[in-house]
Structures are given as structure tokens and as C-alpha cells.
Amino acid sequence: MLKKLSSQSDEIYQLSAFAFQYELTPERLEERKQEKRKEAIWGWMEDDRLAAKLHIVPLEVSIHGQPIKMGGISSVATWPEFRRKGIVRKLLQHALEEMKKEGQVLSYLYPFSIPFYRRFGWEVTFDEKEYNIPMHHFKRNWQLDGGMIRRMQNKDDVSILETIYEKYTAQFNGMLLRDSHWWEYRILVKKKLIAVSYDPQGEPDGYILYEVKKDILEVEEIIHLTLASKQRLLHFISNHDSMAKNVKMVVAESDTLPLLLDDPRFEQKMTPYFMSRIVDVYKFLQKYPFLAHKENVTIDLEITDDFVEANSGTYRLEINSKEIHVEKLSKEVASSVTIPIQQLASILLGYKRPLELKELGLIDGEQQHLEALDSIIPQTEPYFADFF
């Protein structure tokens, strides 16, 4: 049976430690309890024993500049003796109901198996680009403009990082709008070294979180608002050449670092990262910042959702130069475009375009309607820099 669990319950973390294979020290247990105190944790009980559980992390993300409530699915785990009994399916179904009640119209998760979560309506919407760069590649004239790098000693100065991060998110779609709890328990708790870039006028314009271990400089996060701040931070990395032989970092797909290095031949790997799901199609479409259209356009979207039947149906988008009206039709009509729930997330988060998915046979519709739909979807690169 379903049961809402307290974030202070030790058995939650014992199951996570077993499933994700990490050591749960007393210190780490207390950190986890503090980190998880805002989460809704649901368990499946068998004979008063915890058989499986998942966490719903209440978050907010930026969808083409529009703040949207998002429920993050995290720490899904089952004891081996209770696996392959459909328990996770029941937990996911309940989680979607709870997220809808809380107004979380969108959900993200990091999948242990992409095919598994696709069955329940999630789809890949974010990729991860990883670099492994020999340190000597950073040795070049970085044409610095007179700014400076200053190491951040006082964690109370986190507001500097927050301001830079908030400005940086504007160029991407789907990024997390971090609150103070997230900064404290997800970012600063990692105790990485922090250095901040300042322009010649003394204004902060970038930062790097990193550590150096076993000849590797591992970049946890590198954020830059200008080309000058990017060059300043790359020069700062190069000054660690006596300590590290290689530099590892994760960046957005559009990152241009290879063009800035004299030798761009280094290990670059692109892999699927986070998946997304639309929890409540009608409310998400109402909140979504569609682009205005110079002509009056009507598009009927037939959405199919096998896991959440309430989402299935035909949604009419009426667009003009001033507003967009969304209506769920009560009667069946000939739809303009037919889209499974997975591909709807892919389109609206900017991961794939409608015409591309049509060519792959993943959605259906007449060319003119697909072009109309494509014209009202903002073109902003999806990127998610966090993890849960």
C-alpha cells in the first residue's frame, strides 16, 4: 500500500544507499535529511516494511523565460525481493497525481533506463556534452582585457554566484531556477573550490566551481556571461598546469571551446541526460509562452497519453498577433497534428522540431499545420546544468 514517508526516516536512506551503492555515514545521513526535507517521499509498504519508494522534488524551471513549477522524480528504489512486481509503476502513477494537485505541470528525471521511463510518458529532452582535455591545450594567449579572478572564501557571498547564474540561464531553455535551499544543499555542500571572474570595472561576470584530484582538474560548473569572462576562466584553468594533466567538464551542446583552443582534438562525448514529461497538458499549454503569429491560425493537437488518460484528447490553439487561446475540445474533430505525450515534451522544451519528428514518423500531420506549429515554438537551446 502507498504511504507518505517522513524525510527524517532512516529506512529511506538505507534503501537509497543499497540501491545506488554508496556508503551512508552518520554525517552523510544527517546531510541527506536536511537536503530532502522539502521533498514529498512516497513509499510502497508490504507487511509494514518499506518495499520501494520515490521522491518528488518541488522545483521551478525556466521554459523559454516563463517560470514553470516542476516536480523532479528522484531516488526511485526497490529492495530486490520486491522488484518486477509493478510497484514502481504504481508509485509513478501516484506521483503524477500528486504533482498535478501541486500545480507541477512538468516533471524531470534522470533515468536509470530510458526505455523504462518512455513507457510512462517521459522523453529525453536534455543532452550532456563532456570534455576530457589535456591541460597543455589551454596554453595559449587568451587576450585578457584587464579583469581579474578572485577566489571566493566566504560562502555568504553566494549571492554573487546566484546573480551570475540567473543571467546565464536566460540563453537556455529548461534550466533550474535555483532557490537558497538548492544552493546550500546541492551546490555549496560539495565543498568545491570557487573562483569568480570580474570585468575591468569590478563587476562579476563568471565563476568556476572545481577540484583537483589525482592529476585531474574536474570542473563542477563553469558559468560565463561574456567572451572575456570565458577567456579569463580558461586562463585561470591553465594556471593549474603544475597540478593537473587533464581537465574534465560538462557543457551545453552549443559550447564553443574547441574553436578557442589551438588544438581542438580532444575527447568530446555527447550522451542523453535528463528526461521530461508533461504532467498536465491543458495547464502546461496555457502557461507555455508560444510565439505570437501575424496571421490568425488555428491548430488542433491530438495528444495521446496511454499512462495518464486525462491528458489524451484534442487541444485547440488559436493564435493571432495579440494572444493565444487554448481549449480542450469536448467533441472529436479532425486533428491538425497528432502527437504522443513523449514527443510533445520534446517539441515544447525545444529538443526537437515538429518537422524533424514528422520525418522520423514520430508525429503525424499535414505540412502546413506542422509548419504553423513550428512557427509558434521558440527556438532556445535546451540545457540542464543540475542533477537530482
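The values are calculated or read from the model by the stated rules, or taken from the named source; none is laboratory data. If you're wondering where the values come from, they're calculated on a predicted model, not measured in any experiment. Please note: Cβ atoms are built from the backbone with ideal geometry, for glycine as well, and neighbour counts cover all protein chains shown.
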Would you confirm, using the coordinates I've provided, whether Asp199 is charged (D, E, K, R) and over 27 Å from Glu253 (Cα atoms)? no
Would you pick out the residues in the range 138-187 that are acidic (Asp, Glu), outside any helix (DSSP H, G or I) and within 27 Å of Arg28 (Cα to Cα)? Asp179
I need the full set of residues from the range 351-388 which are under 25 Å from Ser107 (Cβ atoms) and of a type in the set (A, V, I, L, M), in order please. Leu357, Leu360, Leu362, Ile363, Leu373, Ile376, Ile377, Ala385
Only one of (1) in contact (Cβ under 8 Å) with a residue 40 or more places away in the chain; (2) assigned to a loop (DSSP other than H, G, I, E, B); (3) not polar (S, T, N, Q) does not apply to Arg37, and that is (1)
Given the conditions (1) among the small types (Gly, Ala, Ser); (2) more than 30 Å from Met99 (Cα to Cα); (3) in contact (Cβ under 8 Å) with a residue 24 or more places away in the chain, which single one is not true for Ser242? (3)
Ser74 passes all but one of (1) more than 23 Å from Leu177 (Cβ to Cβ); (2) assigned to a strand (DSSP E or B); which number fails? (1)
Could you grab me the full set of residues in the range 29-47 that are modelled with pLDDT under 95, at negative phi and more than 25 Å from the chain's Cα centre (by Cα)? Leu29, Glu30
Taking the conditions exactly as written (in contact with a helix residue (DSSP H, G or I) (Cβ under 9 Å, 6 or more places away or on another chain) and either closer than 26 Å to Gln268 by Cβ or modelled with pLDDT of 95 or more (or both)), does Met135 satisfy them or not? yes
Filtered residues of the range 224-239 (kept if among the hydrophobic types (A, V, I, L, M, F, W, C) and in contact (Cβ under 8 Å) with a residue 12 or more places away in the chain): Leu225, Ala228, Leu233, Leu234, Phe236, Ile237
I'm checking my understanding of the structure. Among residues of the range 43-59 that are assigned to a strand (DSSP E or B) and out of contact with any strand residue (DSSP E or B) (no Cβ under 6 Å at 6 or more places or on another chain), which one is farthest from Trp182 (Cα to Cα)? Glu46
Tell me whether the range 272-281 contains one or more residues that are part of a helix (DSSP H, G or I), buried (at least 18 other Cβ atoms within 10 Å of the Cβ) and within 22 Å of the chain's Cα centre (by Cα). yes
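Is it the case that Glu60 is modelled with pLDDT of 95 or more and of a type in the set (D, E, K, R)? Before the answer, list the steps.
Details: modelled with pLDDT of 95 or more: yes; of a type in the set (D, E, K, R): yes.
Spelling it out, Glu60 is indeed modelled with pLDDT of 95 or more and of a type in the set (D, E, K, R).
Starting from residues that are of a type in the set (A, V, I, L, M, F, W, C) and not in a loop (DSSP other than H, G, I, E, B), keep the ones in the range 125-137 and report whichever is nearest to Ala385 (Cα to Cα).
It comes out as Ile133.
For residues that are in contact (Cβ under 8 Å) with a residue 24 or more places away in the chain, of a type in the set (D, E, K, R) and part of a loop (DSSP other than H, G, I, E, B), tally how many sit in the range 260-271. Give the derivation first.
Of the range 260-271, the ones in contact (Cβ under 8 Å) with a residue 24 or more places away in the chain are 260-263, 266-271.
Adding the requirement that they be of a type in the set (D, E, K, R) leaves 262-263, 267, 269.
Those left that are additionally part of a loop (DSSP other than H, G, I, E, B): 262-263.
The total comes to 2.
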Scanning the range 351-369 residue by residue, those touching a Leu at 6+ places or on another chain (Cβ under 8 Å) and among the aliphatic types (A, V, I, L, M) turn out to be Leu355, Ile363
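Quick one: would you say Tyr165 is aromatic (Phe, Trp, Tyr), farther than 28 Å from Arg265 by Cα, over 26 Å from the mean Cα position of the chain (by Cα) and in the same structural domain as Gln231 (by TED's automatic domain parsing)?
On the way: aromatic (Phe, Trp, Tyr): yes; farther than 28 Å from Arg265 by Cα: yes; over 26 Å from the mean Cα position of the chain (by Cα): no; in the same structural domain as Gln231 (by TED's automatic domain parsing): yes.
Answer is no for this residue.
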Filter the range 249-259 for residues that are in a loop (DSSP other than H, G, I, E, B) and either buried (at least 16 other Cβ atoms within 10 Å of the Cβ) or in the same structural domain as Asp306 (by TED's automatic domain parsing) (or both) and give the result. Ala252, Asp255
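What tally of residues in the range 188-212 results from selecting those that are outside any strand (DSSP E or B) and without any contact (Cβ under 8 Å) to a residue 60 or more places away in the chain? I'd like the intermediate steps shown before the answer.
Of the residues in the range 188-212, the ones outside any strand (DSSP E or B) are 188-192, 199-203.
From what is left, the residues that are without any contact (Cβ under 8 Å) to a residue 60 or more places away in the chain are 188, 190-192, 199-203.
Matching residues across the range 188-212 total 9.
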Can you tell which of Gly350, Gly365, Gly361 is at pLDDT 95 or above, surrounded by 15 or more Cβ atoms within 10 Å (Cβ to Cβ), on the phi > 0 side of the Ramachandran plot and within 27 Å of the chain's Cα centre (by Cα)? Gly350
Which condition from (1) free of Cβ contacts under 8 Å to residues at least 24 places away in the same chain; (2) of a type outside the set (Phe, Trp, Tyr); (3) within 26 Å of Arg118 (Cα to Cα) is the one that Pro67 breaks? (1)
Taking the range 213-248, which residues are surrounded by fewer than 17 Cβ atoms within 10 Å (Cβ to Cβ) and part of a loop (DSSP other than H, G, I, E, B)? Lys214, Asp215, Thr226, Asn239, His240, Asp241, Ser242, Met243, Lys245
